[in-house]
Amino acid sequence: MSMNTNMNARKRVYELLNKMEKGAYSPIILDNELKKQDYNNGGEKNKRFVTALFYGVIERRLTLDYVIEKFTPQGKTEKEVLQLLRMALYQLMFMDSVPESAAVNESVELAPKRAKGYVNAVLRNFLRNGRDLINKEINENLSLKFSCPEWLVEKWRVEYGEEAMMQILRTSLLKPPAFYQDGYKQDLSSQQACQLLEPQSGETVIDLCAAPGGKSFTIAQLMKNTGRIISCDINRKKLKLVEKGAERLGLNIIETCVNNAKVFNLDFPKADRVLCDVPCSGLGVIRRKPEIKYKPQGDFDGLPAVQLQILRTASDYVKDSGVMMYSTCTLSRAENDDVVDKFITESNKFELIDKKTIIPSEIGGDGFFTALLKKR
């Protein structure tokens with residue numbers, strides 16, 4: 001890769017990270033970037049570099065900011081300069097294939113004129129004095145080693161134990177495995193959840209939070225494309241993805257419906273099986289969406305009430321002796337076990353058949369929770 005190509009790739013990562021600061025969603029903006037025409041002609045190395053640096057800076061942000069604080073003078077570094085320092089330090093600390101001179105010089109080149117000397121000074125200071133000291137401090141602190149907020153490390157330790165906590169932290173920094181199910185991507189844990197629901201040919205199934213459609217597709221295939229699936233979402237645009245996917249896969253038993261999962265829909269039939277894959281904090285899929293771990297703890301406080309309301313509403317669609325599944329892609333007792341326990345306590349119509357918490361693994365699926373409930 002030539003110097004100019006490297007420079008161009010770094011500039012693009014810099015632009016993507018600045019978009020992230022304004023609230024953009026990492027997989028979407030990266031996917032849009034990699035689809036650009038100029039990547040199609042011999043740009044595979046560039047794609048890999050952009051992907052690795054972009055996700056790497058997000059994944060290690062807490063660690064990088066700790067190092068920056070150690071090697072910058074008192075005072076706040078402006079946001080755009082902070083991004084350049086994060087990018088440079090990530091290359092120096094975690095990308096062995098990148099020469100030190102390239103990481104430093106090209107970061108200085110990208111800096112605004114007023115900040116070039118500052119960026120150069122911070123990075124040279126790190127190279128002279130930083131590696132041994134920083135590596136020792138980082139490796140002795142789980143929060144810094146895995147770039148995960150202390151409250152979240154402690155939450156997982158308390159709720160799942162030391163061994164599971166360490167596995168969650170290790171996998172959070174790994175490239176997620178991709179699983180393909182007959183022409184569409186779906187995580188292994190999601191596939192297993194659909195299999196646990198055991199949908200049968202000819203049945204009626206309601207998927208209350210269906211978009212982008214992976215679970216509906218798997219359920220339709222398990223039903224041998226015979227029966228009826230009502231795939232719902234509150235967002236019409238997202239349902240278009242379900243419709244296109246079903247058409248591409250030849251699954252004609254799937255019908256879509258714009259629907260608020262919290263509100264009972266009088267038009268829905270009674271169903272043999274209902275799936276509630278509810279909105280959640282996403283703490284089981286951090287390796288796919290690393291920015292999740294930096295959200296303030298309080299952002300998740302209102303979720304259990306919403307999840308419980310969806311579960312209550314879903315229960316009214318289930319036939320006698322029918323089955324309902326509650327699932328999330330998070331690792332949080334408040335959103336998982338506590339919601340299900342509260343529902344069972346207040347309802348005398350359902351019994352718990354099965355409950356599973358899946359801890360993410362190096363070669364397996366993401367973090368996931370499922371609870372299977374049967375109507376008496």
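The values are calculated or read from the model by the stated rules, or taken from the named source; none is laboratory data. Since we're looking at a predicted model, the values are computed, not measured. Cβ sites come from the backbone with ideal geometry, for glycine too, and all protein chains shown count toward neighbours. Heads up: the accessible areas ignore ligands, DNA and RNA and are worked out on the full protein's heavy atoms, side chains in. Shrake-Rupley method; radii C 1.70, N 1.55, O 1.52, S 1.80 Å.
At a glance:
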{"read-out": "Antiparallel bridge percentage (DSSP; both residues within the chain; nearest 5)", "value": "45 percent"}
{"read-out": "For region 219-376, share of DSSP beta bridges that run antiparallel, in % to the nearest 5", "value": "55 percent"}
{"read-out": "List W151, W156, ordered by accessible area with a 1.4 Å probe, largest first", "value": "W151, W156"}
{"read-out": "Computed accessible area, K47, all protein chains, 1.4 angstrom probe, square angstrom", "value": "50 Å²"}
{"read-out": "Cα-based Kirkwood hydrodynamic radius, region 103-172, one decimal, Å", "value": "14.6 Å"}
{"read-out": "Accessible surface of region 308-362, 1.4 Å probe, proportion on carbon and sulfur as whole %", "value": "45 percent"}
{"read-out": "Of K19/K293; K237/K375; K237/K262, those spanning more than 22 Å from alpha-carbon to alpha-carbon", "value": "K237/K375"}
{"read-out": "Within the chain, longest stretch clear of exposed GluC sites (Glu not before Pro) (DSSP loop, no more than 15 other Cβ within 10 Å)", "value": "141-361"}
{"read-out": "Area of T370 that stays accessible when all protein chains are in place (1.4 Å probe, Å², to 10)", "value": "10 Å²"}
{"read-out": "Stokes-Einstein D (µm²/s) once Rh is taken as the Kirkwood radius of region 1-148 over alpha-carbon pairs, at 10 °C in 1.306 mPa s", "value": "101 µm²/s"}
{"read-out": "Reach of K185 by Cα under 14 Å, taken over aspartates and glutamates that are not fewer than 8 positions away in the same chain", "value": "D366"}
{"read-out": "D96, D337, D354, D38, ranked by accessible area, largest first (probe 1.4 Å)", "value": "D96, D38, D354, D337"}
{"read-out": "Reciprocal mean inverse distance between Cα atoms of the chain - Kirkwood radius, Å", "value": "22.8 Å"}
{"read-out": "Å² per residue, accessible surface of region 1-158 at 1.4 Å", "value": "53 Å²"}
{"read-out": "Span per principal axis, largest first, for the Cα atoms of region 246-348 (Å)", "value": "42, 40, 20"}
{"read-out": "Per residue accessible area in Å² of region 179-295, where ligands, DNA and RNA are left out and the probe is 1.4 Å", "value": "45 Å²"}
{"read-out": "Apportionment of accessible area to carbon and sulfur, region 11-88, percent (1.4 Å)", "value": "48 percent"}
{"read-out": "Greater than 31 Å apart at Cα, pairs in K70/K356; K215/K270; K240/K319", "value": "K70/K356"}
{"read-out": "With every protein chain in place, region 107-220: carbon and sulfur % of accessible area (1.4 Å)", "value": "49 percent"}
{"read-out": "Partners for K342 among aspartates and glutamates (Cα-Cα distance below 13 Å; same-chain residues under 8 apart left out)", "value": "E351"}
{"read-out": "Region 143-205 and region 296-338: distance between their alpha carbon centers, rounded to Å", "value": "17 Å"}
